[in-house]
Amino acid sequence: MANEEAEKNAIRELLATYCFHLDNDRFAEMAALFTEDGTWDTAYGKGTGHAGIVAQARSIGTPGAPRPRRVHLTTNIVIMLNGDTATVESYWTVIQNSAGGPKIGSGGAYQDQVVKQNGKWLFRYRKIDRFLADGLM
């Protein structure tokens, strides 16, 4: 049981580190949290492999416009371990600056496939389901 909890804590740390890198535009560091052939599947398209994930992250938003400061929050994390692989489900919310002050920018769910390589948990596939956003019904 103690080993299982340590593995789950390491996976939770992976999810949190992802948010810090994404929120601070450290896309290469974020991509390094994926396997070499990992996929980041977003509402705006997919990036596969480290270079593809970085390119996909940079493509989101208005080119040349600064991104509003934002914070991704991950909650309700459910981890199903299976040896050196796991599936993870969680919810996410983005709070961001706006002209009227902080606001919820969007939210949804993550469905992750993670794998332990060389003693480190990495995303193999991260699917982002964005179902809370302005203009969505």
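Looking at the range 61-68, can you tell me whether even one residue there is surrounded by 13 or more Cβ atoms within 10 Å (Cβ to Cβ) and basic (Lys, Arg)? No; the residues of the range 61-68 include none that is surrounded by 13 or more Cβ atoms within 10 Å (Cβ to Cβ) and basic (Lys, Arg). The residue that is nearest to Gln111 (Cα to Cα), among those in the range 79-90 that are among the hydroxyl-bearing types (Ser, Thr, Tyr) and surrounded by fewer than 16 Cβ atoms within 10 Å (Cβ to Cβ), is Thr87. Going by the structure shown, is Ala28 over 22 Å from Val88 (Cα atoms) and either hydrophobic (A, V, I, L, M, F, W, C) or in contact with a strand residue (DSSP E or B) (Cβ under 6 Å, 6 or more places away or on another chain) (or both)? Against the criterion (over 22 Å from Val88 (Cα atoms) and either hydrophobic (A, V, I, L, M, F, W, C) or in contact with a strand residue (DSSP E or B) (Cβ under 6 Å, 6 or more places away or on another chain) (or both)), Ala28 qualifies. Residues in the range 24-54 that are more than 12 Å from Ile128 (Cα to Cα) and part of a loop (DSSP other than H, G, I, E, B): Asn24, Asp25, Arg26, Ala32, Leu33. Only a single criterion out of (1) modelled with pLDDT of 95 or more; (2) more than 12 Å from the chain's Cα centre (by Cα) is not satisfied by Pro63, namely (1).
Yes/no per residue for (1) of a type in the set (D, E, K, R); (2) at pLDDT below 95; (3) at positive phi; (4) not in a strand (DSSP E or B):
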{"position": "Arg67", "(1), (2), (3), (4)": "yes, yes, no, yes"}
{"position": "Leu73", "(1), (2), (3), (4)": "no, no, no, no"}
{"position": "Ile77", "(1), (2), (3), (4)": "no, no, no, no"}
{"position": "Thr87", "(1), (2), (3), (4)": "no, no, no, no"}
{"position": "Thr93", "(1), (2), (3), (4)": "no, no, no, no"}
{"position": "Gly101", "(1), (2), (3), (4)": "no, yes, yes, yes"}
{"position": "Gly105", "(1), (2), (3), (4)": "no, yes, no, no"}
{"position": "Ala109", "(1), (2), (3), (4)": "no, no, no, no"}
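The values are calculated or read from the model by the stated rules, or taken from the named source; none is laboratory data. In this text, all values refer to a predicted model and were calculated from it rather than measured experimentally. With ideal geometry, Cβ positions are generated from the backbone for all residues, glycine too; neighbour counts draw on all protein chains shown.
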